[in-house]
1. Mind listing whichever residues of the stretch 224-265 are loosely packed, with under 15 Cβ neighbours inside 10 Å, of a type in the set (A, V, I, L, M) and at pLDDT below 95?
2. Could you pull out the residue among 141, 99 that is of a type in the set (Lys, Arg), touching a residue at least 24 places away in the same chain (Cβ under 8 Å), in contact with a strand residue (DSSP E or B) (Cβ under 9 Å, 6 or more places away or on another chain) and within 21 Å of residue 10 (Cα to Cα)?
3. Out of all the residues in the stretch 177-203, which are among the acidic types (Asp, Glu) and surrounded by 20 or more Cβ atoms within 10 Å (Cβ to Cβ)?
4. Looking only at residues in the stretch 223-246 that are out of contact with any helix residue (DSSP H, G or I) (no Cβ under 9 Å at 6 or more places or on another chain) and among the small types (Gly, Ala, Ser), which one is nearest to residue 148 (Cα to Cα)?
5. Taking the stretch 205-222 on its own, how many of its residues are within 17 Å of residue 150 (Cα to Cα) and either without any contact (Cβ under 8 Å) to a residue 12 or more places away in the chain or surrounded by fewer than 21 Cβ atoms within 10 Å (Cβ to Cβ) (or both)?
6. Would you mind finding the one in 82, 88, 11 that is surrounded by 21 or more Cβ atoms within 10 Å (Cβ to Cβ), closer than 22 Å to residue 124 by Cα and of a type in the set (D, E, K, R)?
7. Tally time: how many residues in the stretch 135-158 are under 22 Å from residue 70 (Cβ atoms) and loosely packed, with under 15 Cβ neighbours inside 10 Å?
Amino acid sequence: MNRRFTSYYLDSPFVQGRVFDVFEPEGTPRDTAVFLIHGGGWTSGTRVVYHRIMEALNRRGYLTGSADYRLGGVTVLDQLRDVREAYDRFITLLKQMDRPLKVAVHGGSAGAHLASLLLCAGPGECGEKCELENDWVRPVRGTLQATPNDFLRKEWMMPQMWAKMQSVAGVPFEKDPGLYERLSLSHHIRPGNPPLFFIEAELEHLFPSRYTLEFVRKHREWGIPSQWKVYDGMEHGFFYELVRKGQIEAFEDVCAFLEGSLETL
């Protein structure tokens, strides 16, 4: 086995949470790299949950990265800054390796929220302040599992979820509704978006998948080949390992989407 696993910290001295791991495959990587962002309700989780999937992607020839972000005493804008700067340093690494600057971004749940903003909003567009080393390199594709379609209160939403969202926003909705709009993927769905693949669970209980289906329909009207699929028997946040049938099926579909060969609906 001749692969390399390396952690890169964004700061010196180290700041907990501002770090990403890179897994390099054997041989020459594919042109597209994959950058992953974990979930955990904006308050928990770790980049290591994606290590098994990163290894599986390595075996398919993909160079991969997985980012942490700060989880305590920060807002979602701080977290967006963390993942945007980690992605930017990942671009720096690709340049140093003389690799194509083609990156697909994946996220699950809260990580899908952050990943969706990374994919569809430009630096600073949501209100985050970033220090980037490179001109912004837009991701070429995105795969998103259990995606919050927006950052607004819904009639079906559990009260504790809305309380958590307001807590990580850093200000109550009534005091700054514009912030909540800027933090909503729905606010950034437009013709310039990259293709997105929404991976939905049949037993999803936090973020109903019918909303992301509407995003895909809009994309297709604009000629963007986005995809959407529901996985039987799977639940919220199922795509962190490759053991059950639905997980393996989703992984194969992700690989097909990265290669431009997935057709759903």
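The values are calculated or read from the model by the stated rules, or taken from the named source; none is laboratory data. Computed from a predicted model, the values in this text were never measured in an experiment. Positions of Cβ are generated from backbone atoms using ideal geometry, with glycine treated the same way; all protein chains shown enter the neighbour counts.
1. 265
2. 99
3. Hit for the stretch 177-203 is 200, nothing else.
4. My answer is 237.
5. Looking only at that region, the number is 10.
6. From the options 82, 88, 11, the qualifying one is 82.
7. Of the residues in that region, 1 qualify.
Residues checked against (1) touching a residue at least 40 places away in the same chain (Cβ under 8 Å); (2) under 23 Å from residue 114 (Cα atoms):
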site: 21; (1), (2): yes, yes
site: 29; (1), (2): yes, no
site: 37; (1), (2): yes, yes
site: 47; (1), (2): no, yes
site: 50; (1), (2): yes, yes
